[in-house]
Amino acid sequence: MNSNQKWLAGAFALSMLLGIGGCDSMSRQERNTAIGAGAGAVGGAVLTNGSAAGTLGGAAVGGVIGHEVDKKDND
């Protein structure tokens, strides 16, 4: 991963965190899903050197994992 891709991944992660912070009306599970998707997208981009498929796949996997975190507390 070159320095431009690292900078872009960092900027994306920061914008996701700032965006999530403004969503007070979201439930905890919705917030976890969004954070998981953002983290997964960054991770997928890093692991696949910025490929679109890796980024989307990481976002999907991260979103599913984030959705399932603390799910037993909500049932």
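Any read-out appearing in this document is the output of simple, stated calculations on the displayed coordinates, not a laboratory observation. Bear in mind the structure is a predicted one, so any value in this text is a computation, not a measurement. All Cβ positions, glycine included, derive from the backbone under ideal geometry; neighbour counts span all protein chains shown.
Which log10 I(q)/I(0) values, to two decimals, does region 36-75 give at q = 0.22, 0.28, 0.31, 0.32 Å⁻¹ under the Debye formula with one point per Cα? Those come out to -0.56, -0.74, -0.84, -0.88, one per q.
Between residue 25 and residue 56, the FRET efficiency estimated from the beta carbon spacing at R0 = 25 angstrom works out to 0.40.
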